[in-house]
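Below you'll find the structure, written out as structure tokens, and then a few comments.
The values are calculated or read from the model by the stated rules, or taken from the named source; none is laboratory data. All values reported here derive from a predicted model rather than from experimental measurement. Neighbour counts are summed over all protein chains in view; Cβ atoms, including those assigned to glycine, are modelled from backbone coordinates with ideal geometry. Accessible surface is based on the protein model in full, side chains and every heavy atom, while ligands, DNA and RNA are left aside. Shrake-Rupley method; radii C 1.70, N 1.55, O 1.52, S 1.80 Å.
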Amino acid sequence: MTTFSYTAMEPSGRKRTGFIDASDKRAAIAAVTAEGRYVLEMNEESRRSVRSSESKVEERKGRTTKGDIALFTRRLADLSGAGLPLDRVLRILSEQTESAQLAHIAEEALEDVKRGLPVSQALEKFPKFFPPMFTQTLRAGEASGQFSESATRLADLMENEVARRSQIVSAMIYPAVLTFTAVFVVIFLLAFVVPRLTVVFEGLGDTLPLSTKILLATTAVITGYWIEILVGLVILIVGLKFYLGTPAGKEARDAAVLKAPGIGKVAKKAIVSRYARVLGTLVKGGVPILDALHLAGMAAGNSVFIRSNAVVGQEVKEGKTIAGAMRDAGDFPPVLTHMVAIGEETGDLPKMLNRVSDSLDFEVEQGLRRLTTLVEPIIVLVMGAFVAFVVLSVLLPIFGAQELIK
């Protein structure tokens, strides 16, 4: 498939530019014409312009967080909801946004809007900041005349995700500090304390207790081969990172997360919650259901779940209900399938999906609290057990030597 950039005339007489993937130029023209537009210009493109736009943004100093994008979206929704023209909205955003990268995006989007492009298409040039789910929702809002409402739903969604991410980070800070402390204590004892005692125990020979022999052997390996161990760890980390970057590695990692004891259930609920909230936002915004299912699956971020969601999309395309397709896929919890069925029956699917997401968010919060409550004492116990092992391994030979002297 080749990417083509085009300029076309809408039935309303308004010019529109964009990108389309097709096998050749004739097929690209046919595809645009089938959408009811008259093609004025069609050129083969390799998306260099899109990458160029993103590279210019990335050259800007500073780092753009999810919170920055959520705030940008909230301001976009509030200003457009106040009745301001979109070009003025983008000008204000370029001046008010704290992130230099987002300010540059607003400036570029403003220039595109002045040339006749819709906001959704102007932001489409920056997929790293505004994924397809974001721009598709805005496009549906533009088509239905509900741009500010669509932007508001996106802002709500992104603020919820930022809050959930912050909650997870906060819950993991204390266990992470405990783990770091435990690892530091282990390394310090084995690399600096125990080697100083080795000379003391050398004269005792075979009379040393088994625990002391194990401790001294471990210390000898660490102090004698620390360069090899360090190189091996670096190779292992780089190799693992490379493997996890491949499709097979991502799927293996995602499957392992879902099957992990304790954390697996919480992770699955978090994934389904995000999926339901994104799907509800897209459907409420007027995005076609097949596109909404695809984008919500991609937004879920788990390759195992994405594969199951693809099955749902295919069955819905063949005429099956969404709830029935989810039941056939097997990876969707009953609470979601039942609520989706009710939503399809009542014609209020977005409301049911948001209720499922709210319910699962509460369960995820409770699950995280239980996990952190469980992990903290386990780390303390493991660290205490190791310190006790070291102390006993040091004291037992001393006590044994005193008995021999007596």
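Is one or more of the residues making up region 365-374 acidic (Asp, Glu) and exposed (fewer than 14 other Cβ atoms within 10 Å of the Cβ)?
Scanning region 365-374, I find no residue that is acidic (Asp, Glu) and exposed (fewer than 14 other Cβ atoms within 10 Å of the Cβ), so the answer is no.
Which one of these does Ala151 not meet: (1) at pLDDT below 85; (2) open to solvent by less than 20 Å² (accessible area, probe 1.4 Å)?
Looking at each condition in turn, Ala151 falls short on (1).
Among the residues of region 111-121, which ones are closer than 19 Å to Thr97 by Cα and open to solvent by less than 20 Å² (accessible area, probe 1.4 Å)?
Asp112, Val119, Ser120
Take Ile173 and decide whether it is over 17 Å from the mean Cα position of the chain (by Cα) and farther than 14 Å from Val283 by Cα.
Against the criterion (over 17 Å from the mean Cα position of the chain (by Cα) and farther than 14 Å from Val283 by Cα), Ile173 qualifies.
Quick one: is Ser144 surrounded by fewer than 22 Cβ atoms within 10 Å (Cβ to Cβ), more than 23 Å from Glu10 (Cα to Cα), over 20 Å from the mean Cα position of the chain (by Cα) and hydroxyl-bearing (Ser, Thr, Tyr)?
No; evaluated as a whole, the condition is false for this residue.
Does Leu371 count as in a helix (DSSP H, G or I), of a type in the set (A, V, I, L, M, F, W, C) and over 23 Å from Leu157 (Cβ atoms)?
yes
Across region 139-178, what is the total count of residues that are within 30 Å of Glu376 (Cβ to Cβ) and touching a Gly at 6+ places or on another chain (Cβ under 8 Å)?
Adding up the residues that qualify gives 1.
Rundown of residues vs (1) crowded, with 19+ Cβ neighbours inside 10 Å; (2) touching a residue at least 40 places away in the same chain (Cβ under 8 Å); (3) touching a strand residue (DSSP E or B) at 6+ places or on another chain (Cβ under 9 Å); (4) not basic (Lys, Arg), yes/no style:
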site: Leu84; (1), (2), (3), (4): no, no, no, yes
site: Leu93; (1), (2), (3), (4): yes, no, no, yes
site: Ser99; (1), (2), (3), (4): yes, no, no, yes
site: Ala109; (1), (2), (3), (4): yes, no, no, yes
site: Leu123; (1), (2), (3), (4): yes, no, no, yes
site: Lys128; (1), (2), (3), (4): no, yes, no, no
site: Pro131; (1), (2), (3), (4): no, yes, no, yes
site: Thr137; (1), (2), (3), (4): yes, yes, no, yes
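Taking Thr181 as the residue in question, decide whether it is within 30 Å of Leu76 (Cα to Cα), out of contact with any Pro (no Cβ under 7 Å at 6 or more places or on another chain) and either open to solvent by 20 Å² or more (accessible area, probe 1.4 Å) or at pLDDT 85 or above (or both). Before the answer, list the steps.
Working: within 30 Å of Leu76 (Cα to Cα): no; out of contact with any Pro (no Cβ under 7 Å at 6 or more places or on another chain): yes; either open to solvent by 20 Å² or more (accessible area, probe 1.4 Å) or at pLDDT 85 or above (or both): yes.
Considered against the rule, which asks whether it is within 30 Å of Leu76 (Cα to Cα), out of contact with any Pro (no Cβ under 7 Å at 6 or more places or on another chain) and either open to solvent by 20 Å² or more (accessible area, probe 1.4 Å) or at pLDDT 85 or above (or both), Thr181 comes out as no.
For the structure I just gave you, tell me whether Thr135 is β-branched (Val, Ile, Thr) and in a loop (DSSP other than H, G, I, E, B).
no
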